[in-house]
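Report on one structure; see the data block that follows.
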Amino acid sequence: QGDCGGRECDLLKTEIRDLQEQLKALKATVGKIQKAWIFMNGNSAGEKTFQANGSEGDFETSKATCSQAGGLLASPRNSAENTAIQQIVVRHNKAAYVGINDIETEGSFKYLSGEAIGYSNWAGGEPNNLGTEDCVEIYPDGRWNDRSCNEKRLIICEF
Ligand code: IPD
Ligand code: CA
């Protein structure tokens, strides 16, 4: 590891210090904006933030809306995330699709990534595939129901 010295090296050191200060200020600003954004109408769990703008759609529309916004249809992977999503459902008094389905293989529920789900919060008697139900909605009580992908539901995205 070669030590640097001289005028050029001093300039670089100054520039690095300057960048470090700017980065610190930027992080503080982003943190404030994030908090204000969540305070307005979102929610958070761990690193994820969840947001709804009041729009509704079927499963495909919900998925597309979130991905166009640079996010993902809310996909609860643990109870903290599920509770954060549930609170938005309660706020809007409207069930929402989550990013989970068994479209590919009946009874095998997967995230949008194709990975098998590692957490679930099914309501009693669900999933029952009544008729054909390949998508999953989350109720105001936080429980899940497999449901036709063609209903209109609150769109909740994660970022
Ligand atoms: C049904 C019931 C049922 C559930 C189905 C729903 P619907 O509602 O809530 O418990 O398992 O997914 O479709 O169709 O009778 O209004
Ligand atoms: Ca069902």
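The values are calculated or read from the model by the stated rules, or taken from the named source; none is laboratory data. Remember, it's a predicted structure, so these values are computed and weren't measured experimentally. Every residue, glycine among them, receives a Cβ derived from its backbone with ideal geometry; neighbour counts consider all protein chains shown.
Worth a mention:
- Subset tally (residues that are crowded, with 16+ Cβ neighbours inside 10 Å, in contact (Cβ under 8 Å) with a residue 60 or more places away in the chain and either in a strand (DSSP E or B) or in contact with a strand residue (DSSP E or B) (Cβ under 9 Å, 6 or more places away or on another chain) (or both)) for the range 112-159: 10
Yes or no, residue by residue, for (1) surrounded by 17 or more Cβ atoms within 10 Å (Cβ to Cβ); (2) touching a residue at least 60 places away in the same chain (Cβ under 8 Å); (3) hydroxyl-bearing (Ser, Thr, Tyr):
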position	(1), (2), (3)
Thr14	no, no, yes
Gln20	no, no, no
Lys32	no, no, no
Asn41	no, no, no
Ala45	yes, no, no
Ala52	yes, yes, no
Gly57	yes, yes, no
Leu73	yes, yes, no
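- The combined condition, being touching a Phe, Trp or Tyr at 6+ places or on another chain (Cβ under 8 Å), away from ligand 2 (no atom under 13 Å from the Cβ) and of a type in the set (S, T, N, Q), is not fulfilled by Asn93.
- Qualifying residue in the range 60-72 (condition: within 16 Å of ligand 2 (Cβ to nearest atom) and farther than 28 Å from Ile33 by Cβ): no
- Counting the residues of the range 108-159 that are within 16 Å of ligand 2 (Cβ to nearest atom) and small (Gly, Ala, Ser) gives 8.
- Selected residue [charged (D, E, K, R) and closer than 19 Å to Gly57 by Cβ] from Lys94, Lys110: Lys94
- For the range 75-106, taking the residues that are in a loop (DSSP other than H, G, I, E, B) and of a type in the set (S, T, N, Q), the one that is surrounded by the fewest Cβ atoms within 10 Å (Cβ to Cβ) is identified as Asn93.
- Within the range 92-106, being more than 21 Å from Lys48 (Cβ to Cβ), in contact with an Asp or Glu (Cβ under 8 Å, 6 or more places away or on another chain) and more than 14 Å from ligand 1 (Cβ to nearest atom) holds for Ile103, Glu106.
Matching residues to (1) of a type outside the set (Val, Ile, Thr); (2) within 16 Å of ligand 1 (Cβ to nearest atom); (3) more than 15 Å from the chain's Cα centre (by Cα); (4) on the phi > 0 side of the Ramachandran plot:
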| site | (1), (2), (3), (4) |
| --- | --- |
| Cys66 | yes, no, no, no |
| Ser79 | yes, no, no, no |
| Val90 | no, no, yes, no |
| Ser108 | yes, no, yes, no |
| Leu112 | yes, no, no, no |
| Trp122 | yes, yes, yes, no |
| Pro127 | yes, yes, yes, no |
| Thr132 | no, yes, yes, no |
| Gly142 | yes, yes, yes, yes |
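- Any chance Leu26 is surrounded by 10 or more Cβ atoms within 10 Å (Cβ to Cβ), closer than 19 Å to Tyr111 by Cα and either at pLDDT below 95 or hydrophobic (A, V, I, L, M, F, W, C) (or both): no
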